[in-house]
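S.K.: The structure follows.
The values are calculated or read from the model by the stated rules, or taken from the named source; none is laboratory data. Here the structure is a predicted model, which is why all the values come from computation and not from measurement. Here the Cβ positions follow ideal geometry from the backbone for every residue, glycine too, while neighbour counts run over all protein chains shown.
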Amino acid sequence: MSAPYDAQKRPVNTEQFMTITCPKGLEELLGDEITQLGAKKVKLGVSYVSCQPDQLIGYKICLWSRLASRVLWPITRFPLENAENMYEQLMQIPWADHFSERETFRVHFNGSNDEIRNTHFGALKVKDAVCDYFRKETGQRPDVSDKPDVGIHVRLYRNEIYVSLDLAGDSLHRRGYRQSQGIAPLKENLAAALLIRSGWPALMKKPDAALLDPMCGSGTILIEAALMAADIAPGLLREQFAFEKWKQHLSAQWQEIKQEAQTRKEKAQHSDLELTIAGYDMDGEVISKAKDNARRAGVMHFIHVKTQPLSELTKEKGLPDTGLILCNPPYGERLSDEVAIGSLYAAMGNKIKQNFANWTVAIFTGNPEQAYQFKMRSDKQYQLFNGAIASKLCIYKVSAVSSEKIISAPVSTVPVKLNEGAQMVCNRLQKNLKKLKPWAKKQGINCYRLYDADMPEYSVAIDIYDTWVHIQEYAAPKSIDPEKAQNRLRDILDAVPVALNMDREQVVLKQRVMQKGRKQYEKQDQQDQMFEVQEGSCRFYVNLKDYLDTGLFLDHRPIRTDIETQARGKDFLNLFSYTCTASVHAAMGGANSTVSVDMSTTYLNWGRKNLTLNGLPETSHEFIQADCIQWLAGAQKLERRFDIIFMDPPSFSNSKRMDGVLDVQRDHVGLIQQCMGLLRPGGKLIFSTNYRRFKIERDALNEFSVSDISAQSLPKDFARNSKIHQCYIIEHS
C-alpha cells in the first residue's frame with residue numbers, strides 16, 4: 001500500500017495531522033465547517049481540530065474559514081529526550097526546502113516538561129537550531145521578526161515534539177477590515193460563531209431577513225453577518241497569506257481557489273439579496289469606526305448603523321415581524337459594577353419585550369449570572385470563551401404577550417372572613433383601586449399611593465409598587481391604647497391581601513416615626529432586594545425592605561415628569577439628589593448634561609443603576625458625593641452654570657459628614673441664593689420641601705420671582721394629603 005500524497009504528489013508525514021486552532025468552545029462548529037470544505041478524518045481537540053494533511057484543503061480553510069485561528073501544516077514529529085537532543089533533531093529538518101535565509105521567521109512554542117520548563121527557553125532553542133542550520137548550509141542566517149515571512153510552530157506534548165508551519169501567518173480572525181475598533185472588541189471568528197449558534201445562516205436565506213445589534217460597537221457582528229449573507233470568503237480581505245511565500249506553494253491551484261471565491265462574491269453582489277442588518281451604539285465615534293470597517297469589508301451597502309442609546313431602542317419602521325437581535329453587552333473591564341451590569345441587562349430586556357415580539361434574542365455575556373435580569377427564560381445556552389473569560393450565549397424567544405404584571409381587581413374565589421374593621425378597610429381599598437387603577441395605566445405608572453389615612457383610625461399609608469404593597473404605619477398618638485392600635489394594624493394586614501387579591505408575602509410593613517437628621521435614609525434591614533417599577537418613560541429600582549423610604553418619592557412624580565418635558569438641550573443640577581430619579585427623567589428628556597449631588601455614596605450608586613436601567617450612558621451625567629452646602633460654595637468659584645436646578649433638602653440634618661447642621665427653615669434663603677448664582681438667565685430653580693411647617697421667606701428673596709406651585713405639583717394619588725410637600729419655582733426677575 002503506497003503512502004498518501006499531497007497536491008504535488010509528495011509523500012506527507014502520515015503520523016502527524018494538519019491542525020486548525022480556534023477559540024475554546026468553537027471546536028464542534030469548526031469541525032463541521034472544515035468538513036464542508038473537504039477535510040477528511042476530522043477529529044476534535046481542545047481549542048483545535050485536526051484532519052488529514054491536504055495542502056489545497058489548507059488553502060481553502062485559510063480562505064473560507066470563519067471560525068479558525070491558524071492552519072498548521074505538519075513538518076515532522078519526534079520524541080524528546082532533552083533540550084540538546086531537540087536542537088540536534090531540529091537541525092536535521094531541511095529548512096531550506098521551506099524558506100530561504102533571506103526571509104524572516106518567528107517561533108511559537110507551546111508546552112513544557114522537566115527538560116524544557118518554559119516556552120521562552122523552548123522557542124530560543126528552536127530559533128538557534130533554525131539559524132545554525134542556515135549558517136551551516138549557506139553561511140548566512142535568517143532574521144527573526146514580529147511580522148515574519150514564515151511562522152514556525154513547535155508543540156511539546158507528552159514528551160513528543162510536533163513541528164508545523166503556519167500557513168496563514170497572522171491569525172485568521174484578523175480579516176483585514178477592522179483597522180478601527182472600540183473598547184474590548186469581539187474577535188471576528190468568535191462573532192461568526194455567535195451568529196452560527198444564533199441561527200443566522202438559516203435566517204439570512206429567508207425573505208426580509210433582519211439582524212439587529214443594539215450595542216454594536218465597531219460593528220464586528222454586523223460585518224460578519226453581512227459577509228456570510230453575501231457569500232464573501234473572509235480570507236479575500238487579506239493582502240497575503242504566509243503560504244504564498246512558502247517554497248512548496250502551489251501557486252496555480254491557489255489562484256484557481258481564489259478566483260472561485262471572487263466569482264462567488266461578485267455573483268452575490270449582483271443578486272437581488274434583500275436583508276436588513278442594523279446596529280446602534282451610544283458612542284458616535286465608535287459608530288464612525290463601524291462605518292469605516294464596513295466600507296473596508298465591502299459590505300457597507302448591506303449595513304445601517306447610527307448613534308442611538310439603548311433608551312431609544314424601538315422597532316423601526318420597515319423591520320419585519322420576526323428577526324434576530326444579537327448583542328455582546330459590556331461586561332468585565334468594560335463595566336465593572338455588577339449591579340450596573342444587571343441594570344443594563346434589565347433595560348435591554350424591557351426594551352426588547354416592549355418592541356420585538358416574536359423575535360429571537362441572543363445575548364453573549366461574560367456575566368451569565370446577571371442574565372436573569374432579562375426576565376425571560378432562555379431556550380438554549382452555549383458555553384464559550386471570550387479570550388480567557390468564560391462566557392455564555394443565551395438565546396431567547398420573545399413572546400407576543402407582554403410580560404408586565406398588573407395588580408388586578410379582586411377575583412378571588414376563596415371566601416375570606418374579615419371582621420368589621422378589616423372589611424371596612426377592604427371596601428375602601430377596592431373603591432380607591434377602582435378609581436386609581438385606570439388613571440395609573442393611562443399615566444404609564446405601576447407605583448402609586450392607594451391609601452393615605454383615609455380613615456383616621458386606620459392611620460397608614462399604602463403604596464402600590466407593581467406586584468408589591470408597601471405599608472407605612474404612622475406612629476399612633478400616646479392617647480391611643482397600644483393594644484387597640486395593634487388590632488387596627490392587624491385589620492389592615494388582613495384586608496390588603498383580600499382587597500388586592502395578592503399573597504401576604506408581597507406585603508411589606510414599616511412603622512414610620514418622626515426621624516431626625518438623615519435617619520430616614522439609614523438601613524432598616526440588610527436584604528438588598530431591589531426590583532423595577534415604571535414611571536412614565538422611566539424605570540427605577542426600589543427597595544421596600546432595607547430603608548424607611550423606598551428609593552422613590554411618589555409625591556414628586558409630577559415634578560420629575562415636568563423636568564423631563566423641559567430638559568431637552570439643557571444642563572440640569574439635582575441637589576440632595578437621593579437616588580437621582582429626577583436626573584434620570586432629565587436625561588430621558590434629552591438634557592445636555594446632569595449633575596447629581598448627595599452625601600450618600602450608596603444613593604448615588606443607586607442613581608447610577610437607575611440611569612443604566614434606562615439604557616442611558618453615564619458620559620454626560622455626573623454623580624458627586626459631597627455636602628451640598630460645601631459643593632455649592634465651590635461651584636460658585638468654578639463658575640458652573642445650569643438651566644434647571646432641582647433642590648429637595650431634608651428638613652433637618654446633622655450628619656457627621658457635614659461641618660454644621662442643616663435646618664431647612666433657617667437655611668433655605670442662603671441655599672436658594674447660592675443656587676440662583678448658578679442659574680443661567682432664563683433658567684429656573686425648583687425648590688421642594690416636605691417640612692410641614694415650612695414658610696418661605698419672600699422678603700429675603702424679593703430680588704427673585706417666587707411662584708408657589710404646590711397645588712399643581714400634587715399628583716392625583718396624593719389628593720387627600722395636600723401637605724405632603726411644598727414646591728416653588730424661583731426665577732431671576
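S.K.: Scan segment 343-370 residue by residue and report those that are farther than 22 Å from L384 by Cα and hydroxyl-bearing (S, T, Y).
M.R.: S343, the sole residue that qualifies.
S.K.: Evaluate segment 641-659: report whether one residue or more is under 21 Å from L552 (Cβ atoms), among the polar types (S, T, N, Q) and touching a Ser or Thr at 6+ places or on another chain (Cβ under 8 Å).
M.R.: First, pick out the residues of segment 641-659 that are under 21 Å from L552 (Cβ atoms): 644-651, 653.
After this cut, where a residue has to be among the polar types (S, T, N, Q) as well, the list is 651, 653.
Narrowing further to those that are touching a Ser or Thr at 6+ places or on another chain (Cβ under 8 Å): 651.
The answer is yes; a qualifying residue exists.
S.K.: I'm trying to understand the selection: among the residues of segment 59-80, which are in a helix (DSSP H, G or I), aromatic (F, W, Y) and under 17 Å from C22 (Cβ atoms)? Outline the logic, then answer.
M.R.: Within segment 59-80, the first condition is being in a helix (DSSP H, G or I), and the residues that meet it are 59-64.
Next, from what is left, pick out any that are aromatic (F, W, Y): 59, 64.
Result: W64, single match.
S.K.: For segment 267-281, indicate whether the set of residues that are assigned to a helix (DSSP H, G or I) and either modelled with pLDDT of 95 or more or of a type in the set (S, T, N, Q) (or both) is non-empty. Give the steps one after another, and end with the answer.
M.R.: Within segment 267-281, the subset assigned to a helix (DSSP H, G or I) is 267-269.
So of that shortlist, the ones also either modelled with pLDDT of 95 or more or of a type in the set (S, T, N, Q) (or both) come out as 269.
Yes, there is a match, as at least one residue in segment 267-281 is assigned to a helix (DSSP H, G or I) and either modelled with pLDDT of 95 or more or of a type in the set (S, T, N, Q) (or both).
S.K.: Then there is this: Is one or more of the residues making up segment 324-335 within 14 Å of G219 (Cα to Cα), outside any loop (DSSP other than H, G, I, E, B) and not β-branched (V, I, T)?
M.R.: Checked segment 324-335: at least one residue is within 14 Å of G219 (Cα to Cα), outside any loop (DSSP other than H, G, I, E, B) and not β-branched (V, I, T).
S.K.: Quick one: which residue in D97, D114 is closer than 24 Å to E160 by Cα, surrounded by fewer than 15 Cβ atoms within 10 Å (Cβ to Cβ) and in contact (Cβ under 8 Å) with a residue 60 or more places away in the chain?
M.R.: Working: D114 fails: in contact (Cβ under 8 Å) with a residue 60 or more places away in the chain.
Criteria check complete, one pass: D97.
S.K.: Consider segment 51-86. How many of its residues are of a type in the set (F, W, Y) and over 19 Å from V150 (Cβ atoms)? Even if it seems obvious, please write down each step before you answer.
M.R.: Initial filter on segment 51-86 (of a type in the set (F, W, Y)): 59, 64, 73, 78.
Next cut, over 19 Å from V150 (Cβ atoms) only: 64, 78.
Qualifying residue count, segment 51-86: 2.
S.K.: Just to be sure before I move on: is Q240 modelled with pLDDT under 95 and surrounded by fewer than 21 Cβ atoms within 10 Å (Cβ to Cβ) in the structure I sent? If you could, list the steps in order and put the result at the bottom.
M.R.: Numbers: modelled with pLDDT under 95: yes; surrounded by fewer than 21 Cβ atoms within 10 Å (Cβ to Cβ): yes.
Here the answer is yes, as Q240 does meet what is asked.
S.K.: Give G615, G607, G683, G634 a once-over and let me know the one that is at pLDDT below 95 and outside any loop (DSSP other than H, G, I, E, B).
M.R.: Working: G615 fails: outside any loop (DSSP other than H, G, I, E, B); G607 fails: at pLDDT below 95; G683 fails: at pLDDT below 95.
Matching residue, one of G615, G607, G683, G634: G634.
S.K.: Could I ask something else about it? Among A357, A362, which is the only one that is among the aliphatic types (A, V, I, L, M), surrounded by fewer than 22 Cβ atoms within 10 Å (Cβ to Cβ), modelled with pLDDT of 90 or more and not assigned by TED's automatic domain parsing to the domain that holds L616?
M.R.: Values: A362 fails: surrounded by fewer than 22 Cβ atoms within 10 Å (Cβ to Cβ).
Answer to the check: A357.
S.K.: Still on this model: Take segment 37-53 and flag every residue that is surrounded by fewer than 20 Cβ atoms within 10 Å (Cβ to Cβ) and either in a loop (DSSP other than H, G, I, E, B) or small (G, A, S) (or both).
M.R.: The answer is L37, G38, K40, K41, V42, G45, V46, S47, Q52.
S.K.: Here's another thing I want to ask about it. For segment 280-304, enumerate the residues that are surrounded by 20 or more Cβ atoms within 10 Å (Cβ to Cβ) and more than 20 Å from G176 (Cβ to Cβ). Show your work before the answer.
M.R.: The initial filter retains those residues of segment 280-304 that are surrounded by 20 or more Cβ atoms within 10 Å (Cβ to Cβ), namely 280-281, 286-287, 289-290, 293-294, 297, 299, 302-303.
Of everything in segment 280-304, those that are surrounded by 20 or more Cβ atoms within 10 Å (Cβ to Cβ) and more than 20 Å from G176 (Cβ to Cβ) turn out to be Y280, D281, I287.
S.K.: Could you list, in sequence order, the residues of segment 606-625 that are of a type in the set (S, T, N, Q), touching a helix residue (DSSP H, G or I) at 6+ places or on another chain (Cβ under 8 Å), in contact (Cβ under 8 Å) with a residue 40 or more places away in the chain and closer than 17 Å to L573 by Cα?
M.R.: Passing the criteria: only N610.
S.K.: Search segment 452-499 for residues being hydroxyl-bearing (S, T, Y) and not in a loop (DSSP other than H, G, I, E, B), and hand back the single one that is nearest to D717 (Cα to Cα). Full working, then the answer.
M.R.: Residues of segment 452-499 that are hydroxyl-bearing (S, T, Y), as a first pass: 458-459, 465, 467, 474, 479.
Narrowing further to those that are not in a loop (DSSP other than H, G, I, E, B): 465, 474.
Values: Y465: 13, Y474: 18 Å.
Checking each candidate, the answer is Y465.
S.K.: What is the residue count in segment 248-281 for residues that are over 19 Å from M300 (Cα atoms) and of a type outside the set (V, I, T)?
M.R.: The first filter runs over segment 248-281 and keeps only residues over 19 Å from M300 (Cα atoms), leaving 248-261, 263.
This time we only want the ones that are of a type outside the set (V, I, T), so: 248-256, 258-261.
Selection size over segment 248-281: 13.
S.K.: Could you list, ordered by first residue, the pairs with Cβ atoms under 6 Å in which the first is in segment 438-454 and buried (at least 21 other Cβ atoms within 10 Å of the Cβ) and aliphatic (A, V, I, L, M) and the second is part of a helix (DSSP H, G or I) and at pLDDT 95 or above, at least 6 apart or interchain?
M.R.: L450/N432
S.K.: Being crowded, with 22+ Cβ neighbours inside 10 Å and farther than 30 Å from Q55 by Cβ: is that true of L222 here?
M.R.: Working: crowded, with 22+ Cβ neighbours inside 10 Å: yes; farther than 30 Å from Q55 by Cβ: yes.
Against the criterion (crowded, with 22+ Cβ neighbours inside 10 Å and farther than 30 Å from Q55 by Cβ), L222 qualifies.
S.K.: Quick one: would you say A711 is assigned to a helix (DSSP H, G or I), farther than 17 Å from C628 by Cβ and among the aliphatic types (A, V, I, L, M)?
M.R.: On the way: assigned to a helix (DSSP H, G or I): no; farther than 17 Å from C628 by Cβ: yes; among the aliphatic types (A, V, I, L, M): yes.
So A711 does not fit the description; no.
S.K.: Here's something else I'd like to know. Right, I257: surrounded by 14 or more Cβ atoms within 10 Å (Cβ to Cβ) and either farther than 26 Å from L56 by Cβ or modelled with pLDDT under 95 (or both) or not? Full working, then the answer.
M.R.: Numbers: surrounded by 14 or more Cβ atoms within 10 Å (Cβ to Cβ): yes; either farther than 26 Å from L56 by Cβ or modelled with pLDDT under 95 (or both): no.
Here the answer is no, as I257 does not meet what is asked.
S.K.: When segment 141-173 is examined, which residues are found to be among the hydroxyl-bearing types (S, T, Y), within 25 Å of G235 (Cα to Cα) and surrounded by fewer than 20 Cβ atoms within 10 Å (Cβ to Cβ)? Walk me through it before giving the result.
M.R.: Taking segment 141-173 and keeping what is among the hydroxyl-bearing types (S, T, Y), we get 145, 157, 162, 164, 171.
Restricting the remaining residues to those that are within 25 Å of G235 (Cα to Cα) gives 145, 164, 171.
Correct list: S145, S171.
S.K.: Testing G199 on (1) touching a strand residue (DSSP E or B) at 6+ places or on another chain (Cβ under 7 Å); (2) small (G, A, S); (3) closer than 22 Å to N293 by Cα, one condition comes back false. Which one is that?
M.R.: For G199, the exception is condition (3).
S.K.: Among the candidates T138, T119, single out the residue that is within 30 Å of G366 (Cβ to Cβ), in the same structural domain as E27 (by TED's automatic domain parsing) and either within 42 Å of the chain's Cα centre (by Cα) or surrounded by fewer than 20 Cβ atoms within 10 Å (Cβ to Cβ) (or both). Give the derivation first.
M.R.: Values: T138 fails: within 30 Å of G366 (Cβ to Cβ).
None of the others qualify; the one that does is T119.
S.K.: Shifting gears a bit: Given R70, R77, R66, which one is within 17 Å of H153 (Cβ to Cβ), crowded, with 21+ Cβ neighbours inside 10 Å and of a type in the set (K, R)? Even if it seems obvious, please write down each step before you answer.
M.R.: Numbers: R77 fails: crowded, with 21+ Cβ neighbours inside 10 Å; R66 fails: within 17 Å of H153 (Cβ to Cβ).
Going through R70, R77, R66 in turn, just one is within 17 Å of H153 (Cβ to Cβ), crowded, with 21+ Cβ neighbours inside 10 Å and of a type in the set (K, R): R70.
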